[in-house]
Each structure stands twice: as structure tokens, then as C-alpha cells.
Amino acid sequence: MDELIRLLHEGGYSCVIRKEEIRTFTQRGVADLYDLLNQHPAFLHGAQVADKVVGKAAAALMVLGGVREVYTDIISEPAFCLLYTSDAAD
């Protein structure tokens with residue numbers, strides 16, 4: 001995860017995701033997560049995600065996508081609860 005966090009901050013990306021490869025993203029909001037979930041859902045399943053800001057919508061997309069691990073600089077309380085509750089259910 002350290003490599004993803006470094007890339008997130010040094011590369012100025014909005015989101016960095018690793019499954020078998022590392023992909024970087026720059027769109028605002030949940031656009032990248034939404035696109036991935038709809039076009040390449042297998043990439044999210046079991047992935048590690050480093051994201052600058054995670055709100056409830058982003059957290060919901062990560063849960064739906066089956067993301068394994070999340071790092072974020074800022075997280076909303078509803079997003080934290082959603083991710084924590086989802087993790088506890090597994």
C-alpha cells in the first residue's frame with residue numbers, strides 16, 4: 001500500500017488502484033470508480049485503493065466492487081461506517 005500512497009501524492013492523482021497492475025486516475029468525484037465498476041468490475045474485486053477523499057458514494061462503489069483495502073487522506077463518517085460495516089460482515 002505504501003507504493004500506492006506515494007504515487008497518489010507525488011503523481012497528483014485522485015485515485016490509485018492496484019490489482020495485478022497499478023492504474024492511476026485523475027477524474028473528479030466518483031467518475032473513475034463508477035466507470036471501473038461498470039466497464040471493468042473484475043479489476044476492483046480484491047483490489048487495493050488509495051484515494052484522496054472518500055465519501056459515501058465512493059465507499060458504496062468500493063463495497064459493490066469488492067475492494068479489499070482502502071487508504072484515504074479524508075473520509076466522511078458515513079463512508080467510514082459503510083466500509084467498516086462491510087468489512088465486518090465478511
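The values are calculated or read from the model by the stated rules, or taken from the named source; none is laboratory data. These numbers were taken from a predicted model, which means no experiment stands behind them. In this analysis, Cβ positions are derived from the backbone assuming ideal geometry, glycine residues included, and neighbour counts consider all displayed protein chains. Side chains are part of the model used for accessible areas, which takes the heavy atoms of the whole protein and leaves out ligands, DNA and RNA. Shrake-Rupley method; radii C 1.70, N 1.55, O 1.52, S 1.80 Å.
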For this session: Filter segment 33-46 for residues that are open to solvent by 40 Å² or more (accessible area, probe 1.4 Å) and either hydroxyl-bearing (Ser, Thr, Tyr) or at positive phi (or both) and give the result.
Result: Tyr34
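Taking the residues in segment 16-32 that are of a type in the set (A, V, I, L, M, F, W, C) and modelled with pLDDT of 95 or more as candidates, determine which candidate is farthest from the chain's Cα centre (by Cα).
Here is the first cut: in segment 16-32, the residues of a type in the set (A, V, I, L, M, F, W, C) are 16-17, 22, 25, 30-31.
Those still in the list that are modelled with pLDDT of 95 or more too: 16-17, 22.
Numbers: Val16: 8, Ile17: 7, Ile22: 12 Å.
If we take residues in segment 16-32 being of a type in the set (A, V, I, L, M, F, W, C) and modelled with pLDDT of 95 or more, then Ile22 is farthest from the chain's Cα centre (by Cα).
Residues Val63, Val16, Val67, Val49: which one is crowded, with 16+ Cβ neighbours inside 10 Å, among the aliphatic types (A, V, I, L, M) and assigned to a loop (DSSP other than H, G, I, E, B)?
Values: Val63 fails: assigned to a loop (DSSP other than H, G, I, E, B); Val16 fails: assigned to a loop (DSSP other than H, G, I, E, B); Val49 fails: assigned to a loop (DSSP other than H, G, I, E, B).
Only one candidate qualifies: Val67.
If you take the residues of segment 1-13 that are touching a strand residue (DSSP E or B) at 6+ places or on another chain (Cβ under 7 Å) and not in a loop (DSSP other than H, G, I, E, B), which of them is nearest to Pro41 (Cα to Cα)? Working first, answer last.
Taking segment 1-13 as the starting set, the residues that turn out to be touching a strand residue (DSSP E or B) at 6+ places or on another chain (Cβ under 7 Å) are 1, 4-5, 7-8, 11, 13.
From what is left, the residues that are not in a loop (DSSP other than H, G, I, E, B) are 4-5, 7-8.
Numbers: Leu4: 20, Ile5: 22, Leu7: 22, Leu8: 21 Å.
The residue in question is Leu4.
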For this session: Take segment 70-79 and flag every residue that is part of a helix (DSSP H, G or I) and either surrounded by 15 or more Cβ atoms within 10 Å (Cβ to Cβ) or in contact with a Leu (Cβ under 7 Å, 6 or more places away or on another chain) (or both).
Result: Ala79
